[in-house]
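The values are calculated or read from the model by the stated rules, or taken from the named source; none is laboratory data. Just so you know, these numbers come straight off a predicted model, no measurement behind them. When we count neighbours, we look across all protein chains shown, and the Cβ atoms used for this are built from the backbone with ideal geometry, even at glycine.
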Amino acid sequence: MDATVITTSLPVLAHDLGQQPITLKLALTAYVVGLGVFIPVCGWVADRFGARTVFRAAIGVFMAGSLLCAASSSLLAFVAARFLQGIGGAMMVPVGRIVIFRSVPRSDLVTAISYLTIPSLLGPVIGPPLGGFITTYFHWRWIFIINVPISILGIYLAGRFIDNFKVEERYPLDVAGFVLSAIGSTLLMLGLSLIDGELISAKLAAGMCAIGVLFLIFYIRYARTAPFPLLDLSLLRIPTFRVSVMAGSLFRIGLGAAPFLLPLSLQIGLGMSAFHAGSITCASAFGAIFMKAIGSSVLRRFGFRSVLIWNALLAAIALASYGLFTATTPYIVMIAVVLLGGFFPSMQFTCFNSMAYADLDSADVSRATSLSSVVQQISLGLGVTIGGLVIIFSSRLQGHATVVAADFWPAFIVIGLFSLASIPLARRLPPDAGSALTGHIPVKPL
């Protein structure tokens, strides 16, 4: 809910903080940077202190970050508070997946992930219209205050229903790897967010990107010889895991921009209110919920490989179609297109998230979850950054003093192309990839 509720409020929030709406992409990126920096250590922390303990602590940190967001009066304070929220989110993402994997038989993993996602999709359903309603009729600060009772309920439920899984034989924490990966990913993500020159010079932002890439290269070289690397890149040798991470990251770059671009295009481009834009944006979540009801059957019938290829094509078309919306587009048509823009990506996520565990040993789950989770979150953050940059450059190339409706369609085309870019990697999978999870039996040619 927190991820989706803020997107419809960016124009008003930016006005109160004295910034341009596109500049607020930095707040979205800060949250993802917090995720990306701290997710790698969370698998180790969960093994050391127990899944339930870490999960409840994560919710507490997230709640504290929410309160600081509500109290923020400047862009710097707001970005710092969002970073703290990201730290809390970082501890929740991999720990939740570890709990699922260790609680559910492997043959039921796809079904479990699909069912588990249904209640979590209530957040995207409620978030956009709720954020628009609060922003339109009350104040955007209440968007973050509502996280407090939700967090308290989450802490209670986690304590009641989650076992405190621990691993007796643990790898030592890779402190050097954490420092290298944290500095590299932080500088790269923030540098890309600032390279438009709105807050700092483009040269300084480019320098941040270059240093970030350098640190990440150092980490890759270090990880090859480290006995217990923080992000174990050797797991990418497993075909199903490699495609899940690499193809999934390309797809998520495209999709990560959609929740940021769509509400802005409806409000800034088409002049809708925050509440009206939120009521359209939330349609994607209804499409995602419907997909979860049939996802297991589709995978059983067609298998991971075929679904990943054809569904990526349909998702790319649906996401790129957002750029065709105009002030004269009927409301029902927008709802239908956004509904499909939730259905197809949700199918893709179920594939990637399930397939990642198809051929993993139980001993590799924590490390694999850390690696896949951090790549996923950084990809989503890159989507926001790339979407914002395309809008800014489109506006400048067309000579617009401010962002207008015509500046958005190139961004939607770009995010559709990123979704298409995942197809060549998916094509490398064998027809029976992950069949132990889906039960799919490929038809042999005569």
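Here's the yes/no breakdown for (1) within 23 Å of ASN164 (Cα to Cα); (2) touching a residue at least 12 places away in the same chain (Cβ under 8 Å); (3) in a helix (DSSP H, G or I):
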position	(1), (2), (3)
VAL41	yes, yes, yes
ASP47	yes, yes, yes
MET63	yes, yes, yes
LEU67	no, yes, yes
SER73	no, yes, no
GLY89	yes, yes, yes
VAL95	yes, yes, yes
ILE100	yes, yes, yes
Checklist line | Selected residue (criterion: farthest from THR326 (Cα to Cα)) from residues of segment 396-446 that are assigned to a helix (DSSP H, G or I) and at pLDDT below 80 | finding: ALA436
Notebook entry, point to check: In segment 1-56, what residues are closer than 23 Å to ASP196 by Cβ and of a type in the set (S, T, N, Q)?
Noted result: THR7, THR8, SER9, GLN19, GLN20, THR23, THR29
Notebook entry, point to check: Hey, among the residues in segment 320-346 that are of a type in the set (Phe, Trp, Tyr) and more than 17 Å from GLY254 (Cβ to Cβ), which one's surrounded by the fewest Cβ atoms within 10 Å (Cβ to Cβ)?
Noted result: TYR331
Check: Could you list, in sequence order, the residues of segment 297-319 that are surrounded by 21 or more Cβ atoms within 10 Å (Cβ to Cβ) and under 16 Å from PHE251 (Cβ atoms)?
Finding: PHE304, ARG305, VAL307, LEU308, ASN311, ALA312, ALA315, ALA316, ALA318, LEU319
Check: Is there a residue in segment 168-186 that is under 19 Å from the mean Cα position of the chain (by Cα) and of a type in the set (A, V, I, L, M, F, W, C)?
Finding: yes
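Scan ALA226, ALA176 and give me the residue that is more than 20 Å from SER379 (Cβ to Cβ), in a loop (DSSP other than H, G, I, E, B) and in contact (Cβ under 8 Å) with a residue 24 or more places away in the chain.
ALA226
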Check: Filtering segment 252-273 down to residues that are hydrophobic (A, V, I, L, M, F, W, C) and more than 22 Å from the chain's Cα centre (by Cα), which residue is surrounded by the most Cβ atoms within 10 Å (Cβ to Cβ)?
Finding: ILE268
Notebook entry, point to check: From the residues in segment 227-248 that are over 30 Å from MET347 (Cβ atoms) and surrounded by 15 or more Cβ atoms within 10 Å (Cβ to Cβ), which one is farthest from the chain's Cα centre (by Cα)?
Noted result: PRO229
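Here is a check on your reading of the model: is LEU339 of a type outside the set (Val, Ile, Thr) and farther than 24 Å from ILE317 by Cα?
Considered against the rule, which asks whether it is of a type outside the set (Val, Ile, Thr) and farther than 24 Å from ILE317 by Cα, LEU339 comes out as no.
Working only within segment 158-169, note down all residues that are over 16 Å from MET91 (Cβ atoms) and exposed (fewer than 14 other Cβ atoms within 10 Å of the Cβ). So that I can check it myself, show each step before the final result.
Here is the first cut: in segment 158-169, the ones over 16 Å from MET91 (Cβ atoms) are 160-161, 163, 167-169.
Within segment 158-169, ARG160, PHE161, ASP163, GLU168, GLU169 qualify.
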Note to self: All but one of (1) without any contact (Cβ under 8 Å) to a residue 40 or more places away in the chain; (2) in contact with a Gly (Cβ under 6 Å, 6 or more places away or on another chain); (3) farther than 24 Å from ILE423 by Cα hold for ALA318; state the number of the condition that does not hold.
What the structure shows: (3)
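Condition (residue is touching a Gly at 6+ places or on another chain (Cβ under 8 Å) and closer than 28 Å to ILE268 by Cα) applied to segment 307-315: is it met by at least one residue?
The answer is yes, given that some residue of segment 307-315 is touching a Gly at 6+ places or on another chain (Cβ under 8 Å) and closer than 28 Å to ILE268 by Cα.
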Checklist line | Which listed residue, of ALA90, ALA112, ALA205, is modelled with pLDDT of 80 or more and in contact with a helix residue (DSSP H, G or I) (Cβ under 8 Å, 6 or more places away or on another chain) | finding: ALA205
